[in-house]
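Worksheet: one structure, shown below.
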There are 2 protein chains.
Amino acid sequence: MKQKKSFTIYDLARKLNYSPSTISRALKNHHSISAKTIEIIKKAAAEEGYRPNVLAASLRNNQSKTIGVLVTRINRPFISSLISGIESAASKEGYNILISQSNDSYTNEVSSAKALFDSRVCGIIATLGMETENIEHFKQFESINVPVVFVDRVPVNFDTYNVVIDNYKAAYDATNHLIEQGCKRIAHFAGAQHLNVYKDRKQGYLDALAQNNIEPDNTLIVTMHSLSAEEGKAATARLIQTSTPPDGIFCSNDTTAVSAILELKERGYRIPEDVAVIGFNDDPISSIVSPPLSTVFHPALEMGELCTKRILGHLSNAENETKNSKQSKLETHLIIRASSDRKNLN
Amino acid sequence: MKQKKSFTIYDLARKLNYSPSTISRALKNHHSISAKTIEIIKKAAAEEGYRPNVLAASLRNNQSKTIGVLVTRINRPFISSLISGIESAASKEGYNILISQSNDSYTNEVSSAKALFDSRVCGIIATLGMETENIEHFKQFESINVPVVFVDRVPVNFDTYNVVIDNYKAAYDATNHLIEQGCKRIAHFAGAQHLNVYKDRKQGYLDALAQNNIEPDNTLIVTMHSLSAEEGKAATARLIQTSTPPDGIFCSNDTTAVSAILELKERGYRIPEDVAVIGFNDDPISSIVSPPLSTVFHPALEMGELCTKRILGHLSNAENETKNSKQSKLETHLIIRASSDRKNLN
DNA sequence: TCAGGTTGCGCAATCGATTGTTTAAAATTG
DNA sequence: CAATTTTAAACAATCGATTGCGCAACCTGA
């Protein structure tokens, strides 16, 4: 069932005895239209409930005010906050956002990228899926000069905009914090190592150990596919039952960290006395679990806003791109809560 | 900075010595184009990396394959899952989704609705903001036969598609459950009463009390503006310090329920022995808090999918709309966890 | 062999807004 | 008052895909 046709500048032109071009110009205060005419036209437009058809304008201008957003899963705390930030910054400037999720499937990611391209988005913001190793599907955008901003999970060796946090430093600090609390055997729940975020977090962890002359123990490093609660629970159960269990765990996300806490509690371990735990992201669950989870603040909203700004900045002046580096690294910080705070125990 | 022009059917036509109309028809397997020609054209299109411009097609057809989604806040568990469901069902059918958030501001909601209208969405899915009492801004869609689906927070007296749960029944059951657990003085954290969801939940609560011959006590009913953690904490603190404190709380969302639990624990009350608590939504925090929170399952993903189906159903056959009622009420159920389960105490 | 039918494809208008180029009228100048 | 400049608005092409209509070329059967 088709939509009914809506009221256009042609209808308005006929009604007021002006040409469509005059209507168009009047509505955007073009200097060659007299003030009186502008007033007449705007008044009539408002009365008739005229609404511009942005499809037509976009087609003509070869420029849509729509930003494409391609994420893994919309309903995750970090992602939904990221999108919220993107949307806020975009709508403030009159841009719309078109959203697509890949569910961490490479095939979906490729077809979503195509769909966004076909919609002629003026820019695209993406975070890579777990499976993604090849990023050819983003090159089509560059070929028509549509800016691509990768956020959080970004590819290496692809010269485009990036918005990330310093995963290495955050992980280093988190691990160091555990060491300061007296942990000697620190486990690490790592994510897929072809993704920058998890690779950097692992490296930060390793370097913090090295810096403190702690020999890394591979049996304490668990690399997980999806960093799910189930994986976290299973890994915790396995590690804690060994002859040399960990006394601290640095997890690559809060989901596994919380599941570790729950599993440890169930088995009668005290947190942080027996095992100190620190997560990553500051998801809502991290402050609710008992004891509250220490974690790394992830500025999701801010990252989203910055992504939008990068797109808009590129569109407004393509020349400046060399001035500002294309790489943005946002500040994070540790949030120390009870799950790792051995010094403030009552 | 404008985008570069991309490769069009005209370019393809020139290259292959066919007319643009033949290209267009061939690409969609029109019967009047020979199999051989179709093959030639499709092959060339693939080689040249031709991608259709959906803006042009939408303009011509007066029909975009884009669904507008207007929510209050993207980064809330229920909403992000709802969007995820909408997106999944939409992308499966080749539809895109354009998202806008109102942040519960009426002004934003109105301007977002305008923006979505201007983008000529083929349908719109919306959940009302806290401030919204007037819904004139949704009538423009009906005027050009664009279907409007309200979900969860829906208006009364507006004849359009609705996707909701039975808030009344869920609240009735939740309250009844508390009564079965032996609660005599059950408090209720209510939301803004001009919104159907909170009004129905309150009514279900009241009727459950009445059914069990419990006199309602207005001092136990707290109506909140935003049902935030702060409000929940404050209300809990106030209620528990009265001479006749509640022994059960039915909260209109999980956020306030969790904050109630935390506040009660901090004050030394046992849950559920002293106070049983039940929330609404089944947010991730509900299963993490200690004790785990009993709550009402809210089928967010399913609701989202159904919203999309309603839109697509309307578009494919406008006649059927009388067959299926425009109102869809989805099933919910209680999730009983420790926060209210007095019978399974060890 | 020819009227009538089918097949395969091109022509040209259309969707609604935008904009470079004209044109007509009004205002200014000498 | 004629010449020139300024002002105001119209004309027409354009963006890319779609589609009703028309028109050859070919096929069919009588």
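Provide the FRET efficiency to the nearest 0.05 for the A:Thr107-A:His194 pair, computing r from the beta carbons and using R0 = 25 Å.
E between A:Thr107 and A:His194, to the nearest 0.05, is 0.90.
If the cut-off is a Cα-Cα distance under 25 Å, which lysines reach A:Lys329, setting aside same-chain residues fewer than 8 apart in sequence?
Within reach: A:Lys92, A:Lys139, A:Lys169, A:Lys199, A:Lys202, A:Lys309.
Within 10 Å of each Cβ of A:87-100, how many other protein chain Cβ atoms are there on average?
The shielding value for this peptide is 5.
Restrict the search to the range B:256-343; then list the trypsin sites (Lys or Arg not before Pro) that DSSP places in a loop and that have at most 13 other Cβ atoms within 10 Å of their Cβ.
B:Arg267, B:Arg270, B:Lys323, B:Lys343
Just to be sure I understand the model, the point goes 7 Å from the Cα along the line to the Cβ. What's the resulting A:Asn145 to B:Glu266 distance in nm?
5.6
Report the FRET efficiency, 1/(1 + (r/R0)^6), for A:Phe7 and B:Ser243, where r is their Cβ-Cβ distance and R0 is 56 Å, rounded to 0.05.
That pair, A:Phe7 with B:Ser243, gives E of 0.30.
Cross-link candidates for B:Lys36: which lysines have Cα within less than 27 Å, leaving aside residues fewer than 8 places away along the same chain?
Reachable lysines: A:Lys114, B:Lys15, B:Lys28.
Go ahead and estimate [θ] at 222 nm for chain A from helices alone: -39,500 (n - 2.57) per DSSP H run with n ≥ 4, summed, over the residue count, rounded to 500.
Helix-only estimate at 222 nm: -13000 deg cm²/dmol.
Among DSSP bridges having both ends in the protein assembly as shown, what percentage is antiparallel? Round to the nearest 5.
Among the beta bridges of the protein assembly as shown, antiparallel pairing accounts for roughly 10 percent.
What is the sum of charges, Lys and Arg at +1 and Asp and Glu at -1, for the other residues whose Cβ falls under 13 Å from the Cβ of A:Thr295?
Value of the local net charge: -3.
Provide the gained length on full extension for the span A:Lys15 to A:Glu273, in nm with one decimal, where the gain is 0.36 nm per separating residue minus the Cα-Cα distance.
Fully extending the segment from A:Lys15 to A:Glu273 adds 84.9 nm.
Given R₀ = 30 Å, what would the calculated FRET efficiency be for B:Ala210 paired with B:Gln327, taking r from the Cβ atoms and rounding to 0.05?
Calculated transfer efficiency: 0.70.
Using a/c under 1.5 as the rounded threshold, could you call the protein assembly as shown rounded, prolate or oblate? The axes a ≥ b ≥ c are square roots of the C-alpha gyration tensor eigenvalues, and prolate needs a/b larger than b/c, oblate otherwise.
The shape class here is oblate.
Looking only at other chains, what is the average number of their beta-carbon atoms within 10 angstrom of each beta-carbon in A:48-59?
Rounded to a whole number, the mean comes out at 5.
No value in this document is a laboratory result; all are computed from the given coordinates. Every value quoted in this text rests on a predicted model; they were computed, and no experiment measured them. In this analysis, Cβ positions are derived from the backbone assuming ideal geometry, glycine residues included, and neighbour counts consider all displayed protein chains.
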